[in-house]
Amino acid sequence: MIVRLSKHAHVSLNPAGAQIITNLIQIIYVSQPFGFDEPTLAGILLDARRCNRRDGVTGALVCRHDIYLQLLEGPEVPVRAAYARISQDDRHVGVKELLNGEIQSRLFANWAMLHDPAKTWIWTEQEIANAALDHAEPEEIMKIFVDLADRSGMSAKN
């Protein structure tokens, strides 16, 4: 069982009932949608929000018909499990991890999964088709999510 302790760490209970403090990690990945339409996207968001609430994972999904860019954050084991589920999900093609590491605090602490319909994109469809993400600096990728977090105000839980 994992319980949210703060936006910096989580506490879980081992089988003996002792508390274990868990460090936070963040994974950012990119994939291409398979069969992108509103019902498919709604299903992805519903599944993500349900599992993320259960597992103490937060994040954001930036998407349009040609690409998904997602940030997952939270305790290491549930974040890695979420990424593994996504990697096996047939609604995602070509899943590729872009960034991965420990974090001190969450960007999307109040969001089980924030959805942004690619309004924050800095790359055009043509740039994505020409492998812009293969040449993007980590700071450039991270800036998309930092800007989105700033604009979201994180005032509501979704």
Inset, instruction - Could you grab the pairs with beta carbons closer than 6 Å, sequence gap of 6+ or different chains, first residue in region 43-67 and without any contact (Cβ under 8 Å) to a residue 12 or more places away in the chain, second one acidic (Asp, Glu)? - result: none
Legend entry - Out of Val57, Val77, sole residue that is modelled with pLDDT of 90 or more, over 26 Å from Trp123 (Cβ atoms) and of a type in the set (Val, Ile, Thr): Val77
Inset, instruction - Report, by residue number, each residue of region 43-62 that is out of contact with any Lys or Arg (no Cβ under 8 Å at 6 or more places or on another chain), surrounded by 21 or more Cβ atoms within 10 Å (Cβ to Cβ) and not aliphatic (A, V, I, L, M). - result: Asn52, Gly59
Inset, instruction - Return yes or no: is Ile128 in contact with an Asp or Glu (Cβ under 8 Å, 6 or more places away or on another chain), within 20 Å of Gly35 (Cα to Cα) and surrounded by 14 or more Cβ atoms within 10 Å (Cβ to Cβ)? - result: yes
Inset, instruction - Determine whether region 83-90 contains at least one residue that is in contact (Cβ under 8 Å) with a residue 24 or more places away in the chain, at negative phi and aliphatic (A, V, I, L, M). - result: yes
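Per-residue answers, yes or no, for (1) among the β-branched types (Val, Ile, Thr); (2) closer than 21 Å to Asp147 by Cβ; (3) at pLDDT below 95:
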| site | (1), (2), (3) |
| --- | --- |
| Ala9 | no, no, yes |
| Ile28 | yes, yes, no |
| Leu61 | no, yes, yes |
| Leu98 | no, yes, no |
Inset, instruction - Quickly run through region 53-112 and pick out the residues that are farther than 15 Å from Ile141 by Cα, touching a His at 6+ places or on another chain (Cβ under 9 Å) and not β-branched (Val, Ile, Thr). - result: Gly56, Gly74, Pro75, Pro78, Gln104, Ser105, Arg106
Legend entry - Search result, residues across region 92-105 that are more than 14 Å from Val30 (Cβ to Cβ) and surrounded by 11 or more Cβ atoms within 10 Å (Cβ to Cβ): Ile103, Ser105
Inset, instruction - Mind listing whichever residues of region 80-104 are small (Gly, Ala, Ser) and under 14 Å from the mean Cα position of the chain (by Cα)? - result: Ala81, Ala82, Ala84, Ser87, Gly101
Inset, instruction - Mind checking which strands (runs of 3 or more DSSP E) fall wholly inside region 52-154 and carry at least 3 residues that are over 20 Å from Ala42 (Cβ atoms) and touching a Phe, Trp or Tyr at 6+ places or on another chain (Cβ under 7 Å)? - result: 92-103
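The values are calculated or read from the model by the stated rules, or taken from the named source; none is laboratory data. Since the structure is predicted, the reported quantities are computational estimates derived from the model, not experimental observations. Every residue, glycine among them, receives a Cβ derived from its backbone with ideal geometry; neighbour counts consider all protein chains shown.
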